[in-house]
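Written out below as structure tokens is the structure these notes cover.
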Amino acid sequence: MGVLGDARKAVKMGRNLLANRRARGELSQRLAKLPPLQPGKYKIAVYFADGEVNMYQIRQWYKPLAELARTWPVVVLSRGATAATRLFEESPLPVAYVRTVASLEQTLAEQDIRIVFYVNQNTKNFQMFRYGQRWHVFINHGESDKMYMTTNQFKAYDYSFVAGDAALARLEKVLWDYDFDKRAIKIGRPQADHYSGVLPYTPDERTVVLYAPTWEGDRRSAAYGSIASHGVALVRALLATGKHRVIYRPHPRSGVVEHTYGAANREIISMIAAANASDPAAGHVHDTGSELGWQLASADVAIVDISAMVYDRLASGKPLMITRPVDPEAKIDLGGYLSACEWLDADEAQNIVRHTDRLLHDPDAVGRLAEWVERYFGDTTPGAATARFHAAVQQLMDRWDYFAELHSPDEEQQISAPQVSVAATRAVQSDVPPGGTGEDDDEV
């Protein structure tokens, strides 16, 4: 088994290397044709050091940031070739490919970046922290009760934007000597103001069930994924009724660690295809799209794992169930919504129809849900979270102006434009950095 596992890892690494090489080739051609960014235009940067596999983390911020950019111009700083290739294709925001530290510094020297947003805890974020005289702000890529949401890494940032009171209560348990009043700013979930997408089916009398599992995780304490333990049984049961429509939205990383998990994912996809072939009107959906919105709004019931999807759905105020992890070492924070949620055990997955019927007709469950929505997100009136997000940014911009004035007699900023020609700038973004001084930050 060890030899087989090593072989799979070798194949995966080889594929990643080929993908990175192809991406760099495409980027070299694209960059040669693109005009440089307008100097001094951008006030906010989104730093993204991951590859294409984790694009879901920045995609959910596209629309809130595009709206923010109407007031404060925003640019995405991409460190990886595969992600940069995709960002150039789909991002509504301008993109700068800054694979090396030299090209990163060149971009910072040419722009007036005052706030840097981070959507994840990539270790390469540390390379960006070296640059002061700007606010480093963690905005995360979701709200959940996973242990990821209580990491001490929050302290590495000047500020963090959090969803609401539940997030503060969660963090207060683990972040000792942390000034929450100053450094943690509640904004709700502005993504909820931008739910979008067109239904890929025609609504009818069928009960729509969204099944949106997370991936298997890279360690037992974070083994929240349910595809192998719950997914096959519950999807099979729903497909068999002829009265349900399944929207299956697996995590993009499903199966990247555990082969059996990937096999279960493929089995569910095959079952959905077969069900649609036998009954085209069923309209079951295997959803791999980048937009998240119509799924949450259209589903009568949602079944999700312990992940950000719990809270994406929670904001809709509609019924949901959460799969209980089968690994006894999976850590579950029972101090928040998970203490009062509707659990689905693995041995009950085959009875999912009975459970969904109960949730749809249980007024007590609906009332409990409304209370938790308020605790996690505050005011969910359309537009309220966006207003708080913009107000938080304005607050930080005002603080930047204050400290810039306070330190105006100091020496010039630590980042000054290096004497690098346009040709050299493109060279440090190409496949081979000049002088071997660059850092290759693609995921391999």
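The values are calculated or read from the model by the stated rules, or taken from the named source; none is laboratory data. The structure displayed is predicted, hence computed values, not measured ones. Glycine gets a Cβ as well: all are built from the backbone with ideal geometry, and neighbour counts include every protein chain shown.
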_Here is a list: 375, 426, 388, 368. Which entry is within 30 Å of residue 196 (Cβ to Cβ) and modelled with pLDDT under 90?_
368
*Can you name the residue in the range 144-177 that is touching a strand residue (DSSP E or B) at 6+ places or on another chain (Cβ under 8 Å) and not in a helix (DSSP H, G or I) and is also farthest from residue 332 (Cα to Cα) among such residues?*
158
_Looking at residue 94 and the list (1) modelled with pLDDT of 90 or more; (2) in contact with a helix residue (DSSP H, G or I) (Cβ under 9 Å, 6 or more places away or on another chain), which single condition is not satisfied?_
(2)
_Residues (basic (Lys, Arg) and in contact (Cβ under 8 Å) with a residue 60 or more places away in the chain) located in the range 286-330_ = 313
*Of the criteria (1) outside any helix (DSSP H, G or I); (2) at pLDDT 95 or above, which one residue 269 fails*: (1)
_Here is a check on your reading of the model: is residue 322 part of a helix (DSSP H, G or I), crowded, with 22+ Cβ neighbours inside 10 Å and in contact with a helix residue (DSSP H, G or I) (Cβ under 9 Å, 6 or more places away or on another chain)?_
no
*Are any of the residues in the range 160-167 of a type in the set (Asp, Glu) and over 29 Å from residue 249 (Cβ atoms)?*
no
*When residue 127 is evaluated against the numbered criteria (1) crowded, with 16+ Cβ neighbours inside 10 Å; (2) outside any helix (DSSP H, G or I), which criterion, by number, is the only one it fails?*
(2)
_Restricting to the range 100-113, and then to whatever is part of a loop (DSSP other than H, G, I, E, B) and closer than 23 Å to residue 161 by Cβ, can you tell me which residue is nearest to the chain's Cα centre (by Cα)?_
113
*Just give me the residues in the range 130-142 being surrounded by 16 or more Cβ atoms within 10 Å (Cβ to Cβ) and either among the polar types (S, T, N, Q) or in a loop (DSSP other than H, G, I, E, B) (or both), in sequence order.*
131, 134, 139, 140, 141, 142
*Out of the range 148-173, which residues are crowded, with 17+ Cβ neighbours inside 10 Å and modelled with pLDDT under 85?*
149, 150
*Within the set of pairs 6 or more residues apart or between chains, which connect a residue that is in the same structural domain as residue 220 (by TED's automatic domain parsing) and closer than 13 Å to residue 305 by Cα inside the range 331-345 to a residue that is β-branched (Val, Ile, Thr) and assigned to a loop (DSSP other than H, G, I, E, B) with Cβ atoms less than 8 Å apart?*
332/306; 338/306; 338/332
